[in-house]
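Laboratory data are not the source of any read-out in this text; all were calculated from the coordinates shown. All of these numbers come straight from a predicted model, not from anything done at the bench. Cβ sites come from the backbone with ideal geometry, for glycine too, and all protein chains shown count toward neighbours.
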Amino acid sequence: QVQLAESGGGLVQPGGSLRLSCAASGSSRNVYIMAWYRQAPGKERELVARIITDGSINYADSVKGRFTISRDVAKNMVYLEMNSLKTEDTGVYYCFILHRGTTYWGQGSQVTVSS
């Protein structure tokens, strides 16, 4: 069983920055994919960024050049550095991992971008 604990959400003005963190505990060594999804009010959950065990990274077009995903393998953590935030980045951000064929989700962190 794997548990995910997220931190780092909050309220920020447009143009500001936030950093989300997600710690994976339990039987989570050698995770295949670590990712961040988000869900805006009234919209479906969407992939923001993911990093695969081989180090390859994918971003949603809407966040390319502004967001950076990274992971610390030793600590079993994944991060999402968000810069130049826009109002349309508002939503609940979820940590996600795929491990041994099973998906796991964090509890979600609210990110609100507003002046």
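Overall, the chain carries a charge dipole of about 160 debye about its Cα centre when +1 sits on the Cβ of Lys and Arg and -1 on the Cβ of Asp and Glu, all other atoms neutral. For GluC sites (Glu not before Pro), the sites in the stretch 42-115 that DSSP calls loop and that have at most 12 other Cβ atoms within 10 Å are Glu44.
With Rh defined as the Kirkwood radius, the inverse of the mean 1/r over Cα pairs, the Rg/Rh of the chain is 0.95. May I ask you to list the aspartates and glutamates whose Cα is less than 13 Å away from that of Lys43, ignoring any residue fewer than eight positions away on the same chain? The reachable aspartates and glutamates, counting only those whose Cα sits under 13 Å from Lys43, are Glu88, Asp89.
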